[in-house]
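The values are calculated or read from the model by the stated rules, or taken from the named source; none is laboratory data. From a predicted model like this one, the values you see are computed outputs, not experimental measurements. Here the Cβ positions follow ideal geometry from the backbone for every residue, glycine too, while neighbour counts run over all protein chains shown. Keep in mind that these areas ignore ligands, DNA and RNA; they rest on the heavy atoms of the full protein, side chains included. Shrake-Rupley method; radii C 1.70, N 1.55, O 1.52, S 1.80 Å.
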Amino acid sequence: MGVDRVRWGIVATGNISTSFTKDLRLLDDAVATAVASRSQDSADRFAAEFGIEHAYDDYRRLIESGTVDVIYIGTPHPQHYEIARTALQAGVAVLCEKPVTLTAKQAQDLVAVAAEHKTLFAEAMWMRTNPVIQALFADLATGVVGEPQQVVADFAFHKPALPARLLDPALGGGSLMDGGIYPMTFAYMALGRPAELKAVGSLNADGIDLNVAMAWRYDSGAVAALTCGLKSQNPWVASVSGPEGSLQVPHRFHHPEYYVRHTAAGAERIDVPTHGLGYHYEAAAVMRALRDGHIEVPSLPHTATLEILELLDETRSQIGVRYPGDDDDLTG
Ligand SMILES: NC(=O)c1ccc[n+]([C@@H]2O[C@H](COP(=O)([O-])OP(=O)(O)OC[C@H]3O[C@@H](n4cnc5c(N)ncnc54)[C@H](OP(=O)(O)O)[C@@H]3O)[C@@H](O)[C@H]2O)c1
């Protein structure tokens, strides 16, 4: 007999669910046992593609089926909250795509429900579990560039036909929630939560943010300059710098293959072997935490999820982006 395999349920059959489920096959101790979609046809098609035993036309049926230990949620952001809450209340662990919710208040509620039901909850911020990113931040912690003073990062992309959900307010559209969360997370990993943030944004007629620039200031004196957008093909790079040099991450900095350390010793390219698309690292981290009986994944901490969502709330408020549910009172 092999190792006991963790049973995964996949909720939604779109782009990211497909990528995640492909990568799950790289883990010997993981198996996708169920999938849920809004339509039975899509669930059946996805199940056939990945050899998944159970297919449901409703995520609630998947959660209640007893066929999974953990679900992965790959729906648009506004649907995350209700699905995650239902699973946590049923004692089914949750790995949910970023941003886990539209508001910090919703995420705080999910963390509380996870604690109440002693069930694991994690945001699928896959950049945090990428081996290159982990090596870079371990390097930074040694003081190789001195005390970090500046972070610069951008995440703007453009395609002639953008996926419809990115331009739909009802689906949590906009560059900030989809892309901006990455430069924000990079700066947060380097410098922590800022003392002050200022943001400007250009919105379209539907109130969707198409271009955003953020400036963060720290009491230490450090600053971060971050951008995101849906109208330009940016370098998509990130760096963290101090008096002794900088650590620079190339194009697609959120899942890099290497970074470059610039110091007085010169420029050194640091390669870290990676494989797959990069989503199995977060899945493996979830499974380690499950086996250790944790409700939180050390590399995907609740505090980071909550604080980034608070910063997203503040940024949206400054640039005027509103979503359904912004005024919901979850305390009642
Ligand atoms: N980590 C990453 O690299 C990464 C990359 C892209 C996106 N994401 C995140 O993943 C989430 C989904 O993004 P995606 O690009 O995979 O989107 P997508 O291709 O549009 O897929 C989303 C899926 O969600 C399901 N869904 C449930 N309710 C829906 C609704 N009201 N409208 C539309 N679809 C609905 C649909 O599956 P069914 O038809 O089967 O129900 C749909 O195929 C977002 O939160 C996004 O931020 C993460």
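Some notes on this structure:
- In a fully extended conformation the segment linking D271 and E64 would gain 70.1 nm over its present Cα-Cα distance, using 0.36 nm per residue.
- Under the Karplus curve 6.51 cos²θ - 1.76 cosθ + 1.60, θ = phi - 60°, whole-Hz ³J(HN,Hα) for segment 249-264, x wherever Gly or Pro sits: 10, x, 2, 6, 5, 7, 8, x, 9, 7, 9, 10, 9, 9, 9, 4
- Sequence of T18, T303 when ordered by accessible area, the most exposed leading, probe 1.4 angstrom: T303, T18
- Taking every alpha-carbon pair under 8 Å whose residues sit at least 6 apart, the chain reaches a relative contact order of 18 percent.
- With R₀ set to 25 Å, the beta-carbon distance separating R193 from A225 gives a calculated FRET efficiency near 0.90.
- Dividing the summed -39500 (n - 2.57) terms of all DSSP H runs of n ≥ 4 by the residue count of the chain sets its mean residue ellipticity at 222 nm at -9500 deg cm²/dmol.
- Ranking E97, E53 by solvent-accessible area of protein heavy atoms (1.4 Å probe, all protein chains present), from largest to smallest, gives E53, E97.
- Between the helical axis of 40-50 and the longest alpha-carbon principal axis of the chain there is an angle of about 70 degrees.
- Placed amide H near A36: partners under 5 Å, 5+ positions off or other chain: I10, V11, A12, Y56
- Rounded to the nearest 10 degrees, the angle from helix 15-24 to the longest Cα principal axis of the chain is 80 degrees.
- Counting all C-alpha pairs of the chain, share separated by more than 35 Å (%): 21
- The angle between the Cα long axis of helix 77-89 and the main principal axis of the chain comes to about 60°, on a 0 to 90 degree scale.
- Taking amide H as placed 1.01 Å from N in the peptide plane, A156 has its amide H under 5 Å from the amide H of G229, N234, W236, each at least 5 places away in sequence or on another chain.
- Percentage relative contact order, segment 254-332, counting C-alpha pairs under 8 Å, at least six apart: 13
- Annotation for Q134 and S317: the two label points, set 7 Å from Cα along the Cα-Cβ direction, are 3.6 nm apart.
- Over all pairs of different C-alpha atoms, segment 262-332 has a mean inverse distance whose reciprocal, the Kirkwood radius, equals 16.6 Å.
- Selected from K105, K159, K22 as most flexible by GNM, with the chain as the system and alpha-carbon contacts under 10 Å: K159
- A 1.4 Å probe, protein heavy atoms only, puts the accessible area of D29 near 40 Å².
- Candidate lysines - alpha carbon under 19 Å from K231, same-chain residues fewer than 8 apart omitted: K159
- Sequence-separation-based contact order of segment 131-271, relative, with Cα cut under 8 Å and 6+ spacing, percent: 31
- Hull volume per residue, based on the alpha-carbon atoms of segment 169-259 and their convex hull, is 105 Å³.
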